[in-house]
1. Once label points are set 7 Å from the Cα along Cα→Cβ at both residue B:76 and residue B:143, what is their separation, rounded to one decimal in nm?
2. Report the full-extension gain for the segment residue B:152 to residue B:99: residue separation times 0.36 nm, less the Cα-Cα distance, to one decimal in nm.
3. Provide a whole-number value for the mean count of partner chain Cβ atoms within 10 Å of the Cβ atoms in peptide A:25-31.
4. What's the average, rounded to a whole number, of partner chain beta-carbon atoms within 10 Å of each residue's beta-carbon in A:8-19?
5. Simple spin-label model, 7 Å along Cα-to-Cβ: residue A:41 to residue A:67 in nm?
6. If each residue of separation counts as 0.36 nm, what is the full-extension length gain between residue B:277 and residue B:36 once their alpha-carbon separation is subtracted?
7. Would you mind pulling out the separation of the Cα centroids of region A:45-72 and region B:42-73, in Å?
8. Please work out the Cα center distance from region A:21-44 to region B:156-231, rounded to the nearest Å.
């Protein structure tokens, strides 16, 4: 099942990146695809992440800073990072304050690529 | 998921072995001490980190592998968020955060020094335990940002290296119990609160040991050192209170899969991404606003404007 494959990608990202606690994949309009969460409410996280991504894209466009790389939100207890997965999906990562953000950006690239392929692949095949 | 149980196979793991003799941080630290080095010692590894030295003494260490002084103070509840924010705003820009915390009576000077000291020892231990590939020095530059909570005057590298070696030796013994940095311990949450105050810390660890968190994750969530948490886990694993090599330890609680309620039976479009359908959003059920249902005050309240009540029919 591709959902198992998506979940496997999420777990692998959490296990290889120090500080990552929870992750989820959603569509850009905020519907949940798959979540490796513990305390966060997956559906709410998906919806809010989509809103954050949209806001980031629009703000970047408005001020002429070009293509969005990712949205990083920093709170007292950690980070919320939202990556676009292709044009139609997103990956949200929750991590504690010990996270090395630069390392997460590097570690998440291949995950985003593979998630993109998994999601696009299924869409074409069905 | 691959390799999640590498270190549960026994006392001889195939990953970076945490043996005291092979730790390259110790010799690098001693060299820095001899040269009275000022600057950063960059530790390459997974996750690696940096050790900050001044005149050959270690004043701070930062790594993703262990909580820093800020996490230790805030997560443990020793310092409140409001107090921290006030002291940070007042002191951090001029490098006086520690002084502000003490002068405002937020924490005692001895307590603060202990936390900063603990954080450095813990960071170096955690970096060494997680595996170090190389160490490189980077001399201090005038525009470098100094650590916000340094140990003053600093820790002699010999003492730090000696203590790290002792801790690594203890960690090697924990491997026999199956406890390593990658362990994700699983415990049945204790149903009753601890009777003795001394049991509270073990109790807290048991509550956090849900099969997802590594010792480092538990240390962050409780605002305690990784070494302390690992020794607690090792003790409790020895007593059988914790399961440290749970099969499929990355599994529970299982990840969530989206319910496919939004597919609404349209199998031809059963793509991986769920799709929103026009008119299914609950927001559209809100009746459209009428003139009668509008609030009598104008909505834009933030700007300085005429505060008189609008006349009838004046709105919009």
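1. 3.7
2. On the way: separation 53, 0.36 × 53 = 19.08 nm, distance 1.17 nm.
This chain segment gains 17.9 nm when fully extended.
3. Numbers: counts 3, 3, 8, 1, 5, 2, 7.
Going residue by residue through A:25-31 and averaging, the value is 4.
4. Per-residue shielding by partner chains comes out at 5.
5. 3.5
6. That pair, residue B:277 and residue B:36, stretches by 80.0 nm at full extension.
7. 32
8. If you average the Cα positions of each part, the centres end up 29 Å apart.
Read-outs throughout are calculated quantities, based only on the coordinates presented, and are distinct from any laboratory measurement. Everything numeric here is computed off the predicted structure, so don't read it as measured data. When we count neighbours, we look across all protein chains shown, and the Cβ atoms used for this are built from the backbone with ideal geometry, even at glycine.
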